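The values are calculated or read from the model by the stated rules, or taken from the named source; none is laboratory data. Just so it is clear, the structure is predicted and the values come from calculations on it, not from any experiment. Positions of Cβ are backbone-derived with ideal geometry, glycine not excepted, and every protein chain shown enters the neighbour counts.
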Amino acid sequence: MLILLSPAKTLAPSAPAPNQFSGALTQAEELDVATSIVTALKTWSQEELAQRMKLSATLAEKVHRWHQGWQPDSDFAAGWTFKGDAFKSLDLASASEEVVRRAQSRLRIVHAVYGLLRPLDQYAPVRLEMAQPWSPTADHANMHQHWKTRLPDMVGRHLVETGQPWILNLASAEYSQTALHGMPSDKVVTCQFLEDKGGKLRSVSAFAKGARGAMARHVLQHNLQSPEELVGFRELGYTHNPDKSEPGLLVFTRPSRP
């Protein structure tokens, strides 16, 4: 299975990959595209960033500094730089070398600037969401349109190159609807994680993100190969709910937390 994850907004750009991988960093496939996007973002003032991205003045200052200092080469790896809930659960910092190399082969982070990132791809901090109503080219109204042909082509190519017959979609709808645009449904398995409160099921964003990362780690740790093997997932108190699942969608539930 080729695993898709969304990026995180929380970054730790001073956290390098472990020493054994420091000389093994790879280059993002669409680095030329990323460079052109960031070149356009560099024209935004701090005030424009705050307004367009709805950021606080403090965060806009930090993001503006990231963009102005962005370079295509970086000493930091994508899989260690993202620090959101999903990546805390993925926890590559504690993974064995075998698991990291497996992640490099089978895990892809969908990104509005870079397209697809492997864990060991060089990554310099930049902020841009796929839902941003802006594009660096005049013929696209937003980043969804900018990537909707190129990104699915990349995913399909990575499927072929890695020899994986299925996609495990652990990305949010914001990113997966672009990355999987036009993808045959029989090639995709999506996991959904819900909280059960008195028989009523609901999704809690932070919990769902953490569960997606935990599922990615589970697949990589145990080298799972088929969708049927996913139903054994028991991390964070979740169990497979066959009554709510359907073809192409595996639902996992747990009792709601206080």
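Before we move on, is G213 more than 26 Å from K83 (Cα to Cα) and in contact with a helix residue (DSSP H, G or I) (Cβ under 6 Å, 6 or more places away or on another chain)? No, not satisfied.
Just to check your reading of the model, which residue among L128, L180, L194, L151 is under 27 Å from E61 (Cα atoms) and at pLDDT 95 or above? Walk me through how you get there before you give the answer.
On the way: L180 fails: under 27 Å from E61 (Cα atoms); L194 fails: under 27 Å from E61 (Cα atoms); L151 fails: under 27 Å from E61 (Cα atoms).
The unique qualifying residue is L128.
Taken over region 162-202, residues that are exposed (fewer than 11 other Cβ atoms within 10 Å of the Cβ) and assigned to a loop (DSSP other than H, G, I, E, B) amount to 5.
For K209, the stated conditions hold: it is crowded, with 21+ Cβ neighbours inside 10 Å and of a type in the set (K, R). Listed by first and then second residue, the pairs with beta-carbon distance under 7 Å, at least 6 apart or on different chains, first residue in region 61-85 and more than 19 Å from L25 (Cα to Cα), second among the basic types (K, R) and assigned to a loop (DSSP other than H, G, I, E, B), are V63/R127; W66/R127; H67/K42; Q68/K42; G84/K9. The residue of region 161-205 that is nearest to P255 (Cα to Cα), among those that are touching a residue at least 60 places away in the same chain (Cβ under 8 Å) and among the β-branched types (V, I, T), is T190.
Is it fair to say L220 is under 19 Å from V100 (Cβ atoms), in contact with a strand residue (DSSP E or B) (Cβ under 8 Å, 6 or more places away or on another chain) and not in a helix (DSSP H, G or I)? Full working, then the answer.
Working: under 19 Å from V100 (Cβ atoms): yes; in contact with a strand residue (DSSP E or B) (Cβ under 8 Å, 6 or more places away or on another chain): yes; not in a helix (DSSP H, G or I): no.
Taking the combined requirement at face value, the residue does not satisfy it.
Answer yes or no as to whether S22 is at pLDDT 95 or above, within 23 Å of the chain's Cα centre (by Cα) and loosely packed, with under 15 Cβ neighbours inside 10 Å.
Numbers: at pLDDT 95 or above: no; within 23 Å of the chain's Cα centre (by Cα): yes; loosely packed, with under 15 Cβ neighbours inside 10 Å: yes.
Against the criterion (at pLDDT 95 or above, within 23 Å of the chain's Cα centre (by Cα) and loosely packed, with under 15 Cβ neighbours inside 10 Å), S22 does not qualify.
No other residue among M53, M154, M143 is in contact (Cβ under 8 Å) with a residue 12 or more places away in the chain and in contact with a strand residue (DSSP E or B) (Cβ under 7 Å, 6 or more places away or on another chain) apart from M154.
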